[in-house]
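Taking it in order: structure first as structure tokens, then the write-up.
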Amino acid sequence: MQRARQSAEVHEKEAKERGRETVAEATKRAQREIEVATKRALDDLRREVADLTIMATEKVTRKTLDEADQRRLVELGRTRQLMEELAQVYGRSLFEVAREHDKLGVIREQLGQVADALVEHRELQMFFFSPYFSTEEKQEALSQAIDGGDEILMNFLKLLVENHRMPVIFRIRAHYERLWEEEHRTLPVEITSAVELDEQTTESLGRTIGERAGRNVTLSTRVDPDILGGIVVRVGNSILDASIRNRLEQLRKHVAQAAS
């Protein structure tokens with residue numbers, strides 16, 4: 001009787017171990033299948049975006065991309081770069097067409113107005129970005145909402161709607177601005193101060209920066225009491241922080257390091 005009970009316990013233990021192995025194998029197999037499916041989905045997304053990008057570029061510029069350009073687009077390796085790549089392609093396409101028609105400034109201004117309107121009016125953004133409204137509805141709304149828009153810009157916006165790429169418009173605007181700055185050798189400079197600076201001081205700062213950089217400076221100013229005093233100068237993508245707040249923060253770090 002004791003021997004039979006022991007034998008039953010051994011069989012039960014073996015059955016449980018086999019069950020655990022079966023579950024583990026099934027889990028691993030499911031994980032492998034999920035990884036394969038995920039990779040396939042990402043590859044499909046990359047190919048779809050690359051195809052749409054090629055189509056959009058050819059449609060806007062009325063030029064055929066060569067094999068090297070197509071290969072570069074198709075071989076994009078990182079999903080997070082796709083939106084930026086799309087913006088660069090669309091932005092450069094729009095910029096080149098505007099330059100061909102000597103309308104760089106007009107298109108820049110109107111593109112900025114459209115982007116600003118989408119930022120200021122959340123309901124417009126939701127409408128044009130939402131997949132629940134048809135292409136026809138959005139294109140009709142564009143024609144009604146934008147009065148006097150240049151034909152180049154209107155065709156471009158309709159193309160974005162058709163390809164479901166309106167959410168990229170802010171990146172497109174940013175890329176267009178960078179191309180504009182390169183074209184006109186302009187350098188954006190922003191001066192932040194705790195109190196409003198007089199015009200003579202800001203113009204002097206801008207003129208000095210422009211002379212040293214050899215560029216035409218586009219100067220903007222803003223007031224931020226939180227910096228306490230001094231100024232913060234943003235030149236392109238570089239920042240010179242000469243504010244009292246920054247000096248206090250550096251002092252705090254030095255004191256903390258000395259005390260540790």
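The values are calculated or read from the model by the stated rules, or taken from the named source; none is laboratory data. Quick caveat, the model's predicted, so the values are computed rather than measured. Here Cβ is always computed from backbone atoms with ideal geometry, including for glycine, and neighbour counts include all displayed protein chains.
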Any chance you could count how many residues in the stretch 102-128 are surrounded by 15 or more Cβ atoms within 10 Å (Cβ to Cβ) and either assigned to a helix (DSSP H, G or I) or small (Gly, Ala, Ser) (or both)? 13
Kindly establish whether Leu157 is modelled with pLDDT of 90 or more, out of contact with any strand residue (DSSP E or B) (no Cβ under 8 Å at 6 or more places or on another chain) and farther than 25 Å from Thr218 by Cβ. yes
Within the stretch 218-260, tally of residues that are more than 12 Å from Val189 (Cβ to Cβ) and either of a type in the set (S, T, N, Q) or in a helix (DSSP H, G or I) (or both): 21
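Would it be correct to say that Ser220 is surrounded by 12 or more Cβ atoms within 10 Å (Cβ to Cβ) and either under 23 Å from Glu177 (Cα atoms) or aromatic (Phe, Trp, Tyr) (or both)? I'd like the intermediate steps shown before the answer.
Numbers: surrounded by 12 or more Cβ atoms within 10 Å (Cβ to Cβ): yes; either under 23 Å from Glu177 (Cα atoms) or aromatic (Phe, Trp, Tyr) (or both): yes.
Yes: the conditions hold for Ser220.
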So the check is Cβ under 6 Å with 6+ separation or different chains; which pairs have a first residue in the stretch 120-147 that's in contact (Cβ under 8 Å) with a residue 12 or more places away in the chain and a second one that's basic (Lys, Arg)? Phe128/Lys138; Gln139/Lys158
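Going by the structure shown, is Gln144 in the same structural domain as Ala87 (by TED's automatic domain parsing), buried (at least 17 other Cβ atoms within 10 Å of the Cβ) and either among the charged types (D, E, K, R) or assigned to a helix (DSSP H, G or I) (or both)?
Values: in the same structural domain as Ala87 (by TED's automatic domain parsing): yes; buried (at least 17 other Cβ atoms within 10 Å of the Cβ): no; either among the charged types (D, E, K, R) or assigned to a helix (DSSP H, G or I) (or both): yes.
Answer is no for this residue.
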